[in-house]
Structure formats: C-alpha cells, structure tokens
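Notes follow the structure.
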Amino acid sequence: MNKPKIVRPEESQPAHVVWYDRKKYVTLNFRVQKPKDVQVEFQPDKLVMYCKNDTDDVFYNELYFYDKIQINDSRERVYDRNIHVLLRKMRPDHAWPRLQKDAAKASWIAVDFDNWRDWENEEDDGKEEYDRYMDIIQDMASNNKGQTPDMGDLSDFDTSVVSCCAAELKQEVNGKKETVKGFNVKLQDTILFPEGGGQPDDHGLIGDVPVLRVTRQGPDAVHFVTSPLEVSQEVHVKVDWERRFDHMQQHSGQHVITALADSMFGFKTTSWELGRQRGTIELDTPCVKPAQLQALEEVVNEKIRAHVPVTVQLLSIDDPGVEKARSRGLPEDHAGPIRIIDIEGVDANMCCGTHVSNLSHLQVIKLLGTEKGKKNKTNLIFLVGNRVLKYAEKSYSTERSLVSLLKTGPDEHVEAVDKLQKSGKLLQKTNLSLLRDMAVLIAQNFKNDPQRGNFFTLHKKEGDNEFMNIIANELTTEETLVFLSVGEEKGPGLFLLAGPSGQVAEMGPRVLEMLQGKGAGKNGRFQGKVNSLARRGEVEALLQQNCKHHTSEEK
C-alpha cells in the first residue's frame, strides 16, 4: 500500500530511539508517551517517522541506514509508550555495526544493550518460526499479489480484482428473509476475514462499494457486493474496524476461557458461537457450579492483567508443532499452512480467526452465567472488552430509570418489584372477581328487559374468555343469538358467538373471516382469536340482519 510522503514539520524534535541488530532484521523502538497521528515512511535506505505525544509535542526523525532494507517486509506497530519498528535486511547475515550510514552518532540514538547479542555465534533456536513466517510473507509479496500490507491492524490496503460474477445473497432484515442480487468478487489478496471457526465474517468497503458478506471457497475469499467491479481493476480495501476489533476480542476471549475451563476443571469445549450481543461456549459437562464460574472468571481476568502475549504461527501440516496444538480437526477444503494461535503459557490452538496480539487488549471478561445445553451439556454465556462496557452502560441506564420509577435505591429494586408484583396480582384477582359479578348482572339485566329481542351484543376492553362464557351461560342461548368481544376496539382481541346451533354454524366462519382471526365451534358456540376488531360494527349489523331473517321465517 503506497503511503503519502511525510512532510517535515516547521517545529519538531527527534524522538529518542533505541535499536538492536539481528541476523535478518533490525529492531527500533521510538520512545514516545502515548503516540498518536503516527506516520512511518520506509525507503530502501531511509526511514522517516512523524508523530505526536499525549501533550501534542511534535516528533520527527530521519534515519539514513547503514545498509539497505526490504521495504515490503518492514513495518511498524504502535504501543502506549513506544513505536516498535521492524526492518527486514536486504542482506541477511550481514551485521550492522551502527544504525545510520553516517559514523557520527546522533544524541537521540542509543543501543538497546538488553537485546543486543553476538549473533554470529548464536544458534538459530527460536528464530526458525519467525523466519518461516517472514519468508511466507515475502513469497506472498513476490507472487503478483501486490505489496505486502501493513501487518499491524490491517485496516486497509490496495489490491486488484481477479474475478466478478453475478450472484445472490440470502439475508435476514428485520426478521424477514430477503434475497439480494449482486456479485461475487475475488481479489488478488484481501484483509477481509471470511466466516469460519465460529467467527462471523468481516464487513468493509472495496473502493466505495460495501461488502455485505465474505465466505471462503478453498484458499479463496469471496466478497459479495451489490455493484460490479472490473477485472484487473486496482481497488482499495477497507475493513469495518469496529466490527473486526469486536470479533477479535470475543474470539481471543473464547480461547482463554476454553483453555482455562479445561485446565482448571476438565471442561472440554465442543462448540462456540460469536453472537451479535453475546458469546456462547458449549462445555461438555452437565453443570458448572457457581464457585467454579467465579474462579474461572477471576483467573481469565488475571491473565488479561498479566499482559500475556498472543502470537501467530504458520506451520506446515507435517510440522511436529501441529500435533501439540489443540484442535477439533481441519476442514475438508483446507489449503496452505496450518495457523496456530499461541497464547503464551495458556493455550496453543489451530484457528483461522482474527485475534488480539496481547490479552491486555481484551480489557475485561465477564461470565454472565450458564444455560442448559443439548445432550447433557452446558452453555457458558460471556462478554469481552467493549461488550462488557456497553453492557455496563446499558445496565446503569436501566438502573437509573428504575430509581426514578420505583423511588428507591438500586439495592432495594428487587424488593420493590416483588411488592409491586404481589400488589398487581391481588388487584388482578379483585378485578376478575368484579368482572364475573358484572357478567352475571349484565345477563340478568338483559333477561329482565321486557323489550329484549333475540339478539344480544356487548364489547368490553378488560374482559376475557371466562367473562364472555359467564354471560352466554346466564342467557338462554337456545332462543337468543349472542355476540361478545373483548380487547382493543380496533386492535386484536377475542370473540364468542353463541345461540341456536344452526345460526352459529352458519355465521361463525363469516365472523371469523371479517375479523381476520382463527377459531372453531361446536354445540351452539363459536369462539376465536382475532387480529382486528375494527369491523365489529359490520359484524353486529350482519348478525342482526340474520336474526330478523330467521324471525320472519318462523312466522
């Protein structure tokens, strides 16, 4: 990815830098407190670094190297107190007696004696893994895949389109499944993670075209977009970093929980799911005791506070290290080297997903609890990092709302709600008793009316099925057609049609159709649940007309 040239600022100071030499690389550490706006420009014989610190002091360094470097395999990483730079030597196994070409030593350059070694006589133990990884990166860069992207957060880089063909994507929008027409795009290389290993895919942009889905087909990542892209076109790819970092936190957190649940209690993980709001780990145990859950949470957070590093190893399938890694097996269409996520002293696991580089980036892990799983297993519910912060923020907002509603402090909320529930149940019971008495009085009032006809109708918002049945039982339904309804006047509700069997059997289905409901009837009763009582007046008019028709036939 081509970065813009860094312009020397009008006012600046050089950042203090310490360095050390290795067989194939040179390491620099620019000592800056909480660096921001960091820019690093690599040239074959030169490095330019620009940044600011937490008090907005401006730093600018120019380094003319003792020997040439490979810019494609040189990169930087930004930490809280320094900017770590790795320079890949153009000539491996050639020592650098000094950092700069000029023999005069700058006051802001110092040797990192803690890491300096006489490497000409040292063994390659411990470097083999690094060199293998670096050689793979170099091979990718030279295999017509464009310049190697920055290996820091990989938020964006440039590549080219290999293929683009028409496709469809089935997705759920607001609970409804929809089919979206678009295109499947393959790129020369990508930074967007295709779903796999329990982790959802990345989202992002190819140019200004949104990527809605990324899937894996063998060694290739397939990007679904809604606009076509031209084959061989150079494109800029950008990842949705907020989504990516959330997935990194949850996935690395799952590895830690899984490893420690196994080592502490022998609970094996059989599957896991990274949900939109919470993660779930399926443990092969019928239950997890509260004390075990608390102990597990304490230990996983101790690992976070210990700043345990997380590294990636790329091994060939016949490497002995593969057998030592935890795994549930490779997919049938696996291709390329085996990827191992190594959490120092905690876990080594085959995994294709995205992860943090240090457990401190997880911030915190909260185990919410457990649920009964399938086949005598237990589902452990957890949150990591930013999700914990959002959960706490939401919980606090809810707490403040409850303080306002209940007029009590947070510690008294449970007791206050319990009192409200008991009071509500008592009121409901009293209300139902009154409704029953009212139903009897309504029926008796109709029966005592000398002007009563052969049709009775009533709607009451607060009623229920029992209320309607009491009225129907009190009336002589063999002679009177009764239409009762409860619920919202123009919304959902219940209805009961009772009376002469012939009339009820004839009119019941028609009433059901007019009120958009479901129901059934027998023995002179037809009742159901309806979506809308808005046409209740039309139903009453229809039933009244039907009663007049039957009366005229009887005469």
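The values are calculated or read from the model by the stated rules, or taken from the named source; none is laboratory data. These figures come from a predicted structure and were not determined experimentally. Note that we place each Cβ from the backbone using ideal geometry, even for glycine, and neighbour counts take in every protein chain shown. Protein only, heavy atoms only, side chains kept; ligands, DNA and RNA dropped before computing areas. Shrake-Rupley method; radii C 1.70, N 1.55, O 1.52, S 1.80 Å.
A few points about this structure:
- Overall form of region 370-509 per C-alpha gyration tensor (a/c, 1.5; a/b vs b/c): prolate
- Scattering profile of region 238-393 at q = 0.11 Å⁻¹ [log10 I(q)/I(0), Debye over alpha-carbon scatterers]: -0.43
- Where the alpha-carbon atoms of region 42-100 are placed on the principal axes, they occupy 40, 19, 18 Å, in descending order.
- 3J(HN,Hα) along region 65-79, derived from phi through the Karplus expression 6.51 cos²θ - 1.76 cosθ + 1.60 where θ = phi - 60°, amounts to 5, 4, 9, 6, 10, 8, 6, 5, 10, 10, 7, 10, 9, 9, 10 Hz, with x in place of Gly and Pro.
- Along each principal axis, Cα extent of region 434-512, largest first, Å: 34, 33, 19
- The chain: angle of helix 128-142 to the longest principal axis, Cα-based, in degrees nearest 10: 80
- Between Arg213 and Phe224, the built amide H atoms are under 5 Å apart, and every one of these is 5 or more places off in sequence or on another chain.
- Reachable lysines, given that their alpha-carbon falls under 26 Å from the alpha-carbon of Lys461 and they are not under 8 places away in the same chain: Lys422, Lys425, Lys429, Lys447, Lys490, Lys518, Lys522, Lys529
- Spacing of the two label points (7 Å from each Cα toward its C-beta) at Asn473 and Arg81, in nm: 8.1
- The share of alpha-carbon pairs in the chain lying farther apart than 39 Å comes to 53%.
- Near the amide H of Asp240, within less than 5 Å, lie the amide hydrogens of His203, Gly204, Leu205, all on another chain or at least 5 residues away, with H placed in the peptide plane.
- Carbon plus sulfur fraction of accessible area for region 352-470, probe 1.4 Å, in percent: 53
- Virtual spin-label span in nm between Gln277 and Ala291, 7 Å along Cα→Cβ: 3.3
- For region 369-375, 3J(HN,Hα) computed residue by residue from phi via the Karplus equation (6.51, -1.76, 1.60; θ = phi - 60°) reads x, 10, 9, 5, x, 7, 6 Hz, glycine and proline entered as x.
- Rounded, prolate or oblate (a/c below 1.5 giving rounded, otherwise prolate when a/b exceeds b/c) for region 285-330 by Cα gyration tensor: oblate
- For the chain, the dipole from Cβ point charges (+1 on Lys and Arg, -1 on Asp and Glu) about the Cα centre works out to 2020 debye, to the nearest 20.
- On the basis of the beta-carbon distance and an R0 of 30 Å, Lys186 and Glu344 show a calculated FRET efficiency of 0.25.
- Using a Förster distance of 35 Å, the FRET efficiency for Glu172-Glu412 (Cβ separation, nearest 0.05): 0.30
- Residue-normalised accessible area of region 273-426, expressed per residue, 1.4 Å probe, Å²: 62
- Scattering curve values for region 148-219, log₁₀ I(q)/I(0), Debye with Cα scatterers, q = 0.20, 0.21, 0.22 Å⁻¹: -1.01, -1.10, -1.19
- Relative to the longest principal axis of the Cα atoms of the chain, helix 501-514 runs at roughly 30 degrees.
- Descending Cα extents along the principal axes, region 1-98, whole Å: 41, 25, 22
- Couplings for region 295-307, taken from phi via the Karplus curve 6.51 cos²θ - 1.76 cosθ + 1.60 with θ = phi - 60°, read 5, 5, 4, 5, 6, 4, 6, 5, 5, 5, 5, 7, 6 Hz in order; Gly and Pro are left as x.
- As a length-normalised measure over Cα pairs under 8 Å and 6 or more apart, the relative contact order of region 10-82 settles at 32 percent.
- Spin-label pair Gln39-Ser360: with each label point 7 Å from Cα along the Cα-Cβ axis, the two points sit 2.8 nm from one another.
- Oblate is the label for region 341-404, because the ratio a/c of its alpha-carbon gyration tensor axes (a ≥ b ≥ c) is 1.5 or higher and a/b is not greater than b/c.
- Relative contact order of region 249-375, pairs being alpha-carbon contacts under 8 Å that are 6 or more residues apart, as %: 30
- Using a probe of 1.4 Å on the protein chains alone, the accessible area found for Glu412 is around 100 Å².
- Protein heavy-atom accessible surface, 1.4 Å probe, per residue over region 429-555: 58 Å².
- 10 Å binning of all Cα-Cα separations within region 419-471, expressed as whole percents from 0 upward: 21, 43, 23, 9, 3
- Mean separation of Cα contacts under 8 Å, 6 or more apart, over the residue count of the chain: relative contact order %: 7
- Amide proton proximity set for Val111, modelled H, under 5 Å, gap of 5+: Trp19
- Sulfur and carbon atoms: percent of accessible area, region 209-290 [1.4 Å]: 49
- Charge dipole (the chain, unit charges on Cβ, about Cα centre) - positive-most of Gln421, Val58, Gly463: Gly463
- With every protein chain in place, region 482-555: carbon and sulfur % of accessible area (1.4 Å): 48
- Unit charges at the beta carbon, dipole of the chain: most positive-side option, Thr190, Gln39, Leu314: Thr190
- Cα pair distances exceeding 14 angstrom across region 471-555, given as percent: 59
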